[in-house]
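Note sheet for the following structure.
The values are calculated or read from the model by the stated rules, or taken from the named source; none is laboratory data. None of the values given here were measured: they were computed from a predicted structure. As a convention, Cβ positions derive from the backbone with ideal geometry for all residues, glycine included, and neighbour counts pool all protein chains shown. Accessible surface areas use protein heavy atoms only, side chains included; no ligands, DNA or RNA. Shrake-Rupley method; radii C 1.70, N 1.55, O 1.52, S 1.80 Å.
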Amino acid sequence: MAINMGSTYRILGYRPSVNFAWRQKLLTMGMLPGAVIEIIRVAPMGDPVQIRTRRVSLVVRQRDLADILLEEIV
């Protein structure tokens with residue numbers, strides 16, 4: 001999935017292959033299924049990506065973001 005700056009996505013869940021500790025950390029920071037995230041910035045080479053949820057703003061690598069199942073909100 002192409003991640004575009006300024007887009008908004010809803011978290012549907014996590015892939016079964018995601019690292020358990022990483023998943024728990026994301027859940028603790030408010031990255032819960034049903035939460036809405038906004039793409040703030042994408043680095044010039046596409047990695048990393050800055051995202052914002054209701055509770056936190058963080059920067060994640062594309063490969064870590066790929067473990068999150070997202071649905072674009074139009």
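One table, with the values for the structure above:
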{"read-out": "Among the residues listed as Met5, Met45, the single one being open to solvent by 80 Å² or more (accessible area, probe 1.4 Å) and in contact with a Lys or Arg (Cβ under 7 Å, 6 or more places away or on another chain)", "value": "Met5"}
{"read-out": "Out of Val59, Val74, Val36, sole residue that is under 15 Å from Met5 (Cβ atoms) and either at pLDDT 90 or above or out of contact with any Phe, Trp or Tyr (no Cβ under 8 Å at 6 or more places or on another chain) (or both)", "value": "Val59"}
{"read-out": "Any chance Leu58 is part of a helix (DSSP H, G or I) and open to solvent by less than 50 Å² (accessible area, probe 1.4 Å)", "value": "no"}
{"read-out": "Residue selected from the range 5-18 under the condition part of a loop (DSSP other than H, G, I, E, B) and in contact (Cβ under 8 Å) with a residue 40 or more places away in the chain, by the criterion nearest to Arg52 (Cα to Cα)", "value": "Ser7"}
